[in-house]
Every structure is written in C-alpha cells, then in structure tokens.
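A.B. asks: Just passing along the structure, written as structure tokens.
The values are calculated or read from the model by the stated rules, or taken from the named source; none is laboratory data. This is a predicted model, so every value here is computed, not measured. Quick reminder, even Gly has a Cβ in these numbers, built from the backbone with ideal geometry, and neighbours come from all protein chains shown. The protein model used for the area step is the full one, side chains on, heavy atoms only, and it has no ligands, DNA or RNA in it. Shrake-Rupley method; radii C 1.70, N 1.55, O 1.52, S 1.80 Å.
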Amino acid sequence: MMRLRVLAGASLLIFFCAGTATAACDALAQIAKATNAGNEALAKQIAGMPKPGCTADDKAMINRVAALASFNRIVGAVGQGANLADFERELEAIRTSNSAPWQVFDALGDINRDRRTYEAAARYYQLALEDAGNEVLTPQWMAPDQAYIVRLDHMATEMRLASPNPVKLTVRGACKISYRGVSLKKKSTPVRYVFGTAEFTPEGLASARDLSECLKSVKPKAITLTGHTDPVGTQEANRVLSLARADALAGYLVAEGYAGVWKTLGKGEDEPFKADDASAYDEETLNQMNRRVEVDVEN
C-alpha cells in the first residue's frame, strides 16, 4: 500500500552543480551534499543559517531540500518496518512549515486513507498533485513521474468519492486538467442525489457547484457527462436513472453559465469505480463510490 520513495542521491547534486541554482548561493550546494550524504542534522543546520547571495526562490528551495532530508529518513524507517502513522506529527510539522514537498502530502494522504478519514485524505492527495504540478516549486528532479501523477489524481478522486462530505476538485489556485503535460481530463465527481431520483442532496449541490467553478476555470469547449449507479436495482432502471442524473447535472451547469457543447450518457451499474484496493472498503462505501458522474473535458 505504501509507495514512499527516497528522493535524493545523485539527482540533487547534479541539479545544483549544473548551475540551475543561483551561482552566489553556496547554501544550495551545501544542503544538496548534506542531503545526499543522509546528514539530516547538517541539512537542518544549513537551512537555519543566514543565506547570503541567495534569492527568495533559492531560500524556498533550501527549505524544501531540508524537508526532503527529513522525509528520506522517514522513508528509510518505514522501509525497515516502522509504521508510517507513527511519523504523522513530524510530517504535519513539515507541512505547516510551508516548505513541504508533494511527497509529504502524499504520505499524509496514505495515513488518513488507512485511518478511513477520507475527507482529509482527499485534500492531502489533491495538495500533493497540485504541489507536484507546480514547476517552479517542484523542478523536474523533484517531480513524480507520469504514472505517479496519474496515481495521485486517482487517489484524490477515490477519496472524494469515499468521503461523507464534499471535497473540492482543487485546493489551491485554479482547476486544471493537465499536470506537467499529463492529461487528466476525466473528473469523477461525487454529485449525490436523493435515493432513486435525479434530485440533488445538499451535498450533491455543493459538489455540482464545485464542478461548475472548475469548468469556469478550465473553459472547455465541450464536455461529456456520464452517469453511474451502484448495482442496487435492475440494470435497465439503473441505466435510465444514471442518464437522468447526468442530465440533471448538465442542466445545472448550463444554468450556472457553462456555454460549451455538452452531451450526457448513462452507464448504470455497468462500469463500477476501480478502487486502488477494493478490499479496504465495506459494501456501502463501494456503492457510494460507484454512484458518481464522470466528466470528460475536451479543450
């Protein structure tokens, strides 16, 4: 379940020695060497010292590398059998220091997922995705690969669907459908409805409103809304209901100002949500995850 990975080694030193950092900022090269050597104490010491010749961006990167030094030590401990949750307080301290890289948010997402606090997990995975997509704060050597970006998006989606309360599609800044060139056009949204109807619940209305704000940010020329249901009831009834729910969402989005082309589909129970680990959920939570509207955005 844990996919934590050490991020250090030659990549840090190569990055700084290649001249990407400000030439006058010696602290960057020093903290890279300390982190590569696994010397967390020295990395923290360098981060806390005056930094002559360093720009504001340099100083921010120094703090993030110091955070990575701590994170790498935690990863090593977990690899030796330690419980990730035992490091939650330390990870939270890194997060609140405003220097946390995406790996810290990802780890906090894992902790909260295992605890079944899905709302918090959704926010942390989304923050990890958004931080990873920031190419200024997360240069290429620090970034996740394409497969991991897709995973972060999937986990954020899964946790939104499992959460009892609505969680926004974006936590920081504008809504996006691409991160570091990786297309993430499909958004599974937990728009909830009164049982057996196409009428929004209060939570469903909040999710519909969130999707509307996302579309205003992305400004797509076309969208496809695909309704899905749980397997309760007959296949035909569920297919009709899923289409009615997609139509209801489309009507809401248009009324809220969406002016692009749209179409709706109803899949009923035929395409259940593919959870990362379905055995981690009870039947009702799995059914809740299946009750969703998938939005495919075309730019």
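A.B. asks: Could you tell me how many of the residues in the stretch 72-86 are under 16 Å from Ala121 (Cα atoms) and buried (at least 17 other Cβ atoms within 10 Å of the Cβ)? Outline the logic, then answer.
C.D. replies: Restricting attention to the stretch 72-86, the residues satisfying the condition of being under 16 Å from Ala121 (Cα atoms) are 84-85.
Add one more test, that the residue is buried (at least 17 other Cβ atoms within 10 Å of the Cβ), and what stays is 84.
Count: 1.
A.B. asks: Pairs needed: first member in the stretch 170-181, touching a residue at least 60 places away in the same chain (Cβ under 8 Å); second member anywhere, outside any loop (DSSP other than H, G, I, E, B) and open to solvent by less than 60 Å² (accessible area, probe 1.4 Å); C-beta distance under 8 Å; at least 6 residues apart or different chains.
C.D. replies: So the pair list comes out as Ile177/Lys187; Ile177/Val218; Ile177/Val297.
A.B. asks: Would you be able to say whether some residue in the stretch 175-184 is small (Gly, Ala, Ser) and surrounded by 15 or more Cβ atoms within 10 Å (Cβ to Cβ)?
C.D. replies: Just the residues of the stretch 175-184 that are small (Gly, Ala, Ser), to begin with: 178, 181, 183.
Filter again for surrounded by 15 or more Cβ atoms within 10 Å (Cβ to Cβ), leaving none.
Taking every residue of the stretch 175-184 in turn, none turns out to be small (Gly, Ala, Ser) and surrounded by 15 or more Cβ atoms within 10 Å (Cβ to Cβ).
A.B. asks: State whether the residues of the stretch 232-243 include one that is at pLDDT 95 or above, open to solvent by less than 50 Å² (accessible area, probe 1.4 Å) and under 26 Å from the mean Cα position of the chain (by Cα).
C.D. replies: Checking the stretch 232-243: not a single residue is at pLDDT 95 or above, open to solvent by less than 50 Å² (accessible area, probe 1.4 Å) and under 26 Å from the mean Cα position of the chain (by Cα).
A.B. asks: From the list Asp296, Asp282, Asp247, pick out the single residue that is over 27 Å from the mean Cα position of the chain (by Cα) and open to solvent by 20 Å² or more (accessible area, probe 1.4 Å). If you could, list the steps in order and put the result at the bottom.
C.D. replies: Details: Asp296 fails: over 27 Å from the mean Cα position of the chain (by Cα); Asp282 fails: over 27 Å from the mean Cα position of the chain (by Cα).
Sole residue among the options that is over 27 Å from the mean Cα position of the chain (by Cα) and open to solvent by 20 Å² or more (accessible area, probe 1.4 Å): Asp247.
A.B. asks: Taking Ala69, is it touching a residue at least 60 places away in the same chain (Cβ under 8 Å), in contact with a helix residue (DSSP H, G or I) (Cβ under 9 Å, 6 or more places away or on another chain) and open to solvent by less than 50 Å² (accessible area, probe 1.4 Å)? If you could, list the steps in order and put the result at the bottom.
C.D. replies: On the way: touching a residue at least 60 places away in the same chain (Cβ under 8 Å): yes; in contact with a helix residue (DSSP H, G or I) (Cβ under 9 Å, 6 or more places away or on another chain): yes; open to solvent by less than 50 Å² (accessible area, probe 1.4 Å): yes.
So Ala69 fits the description; yes.
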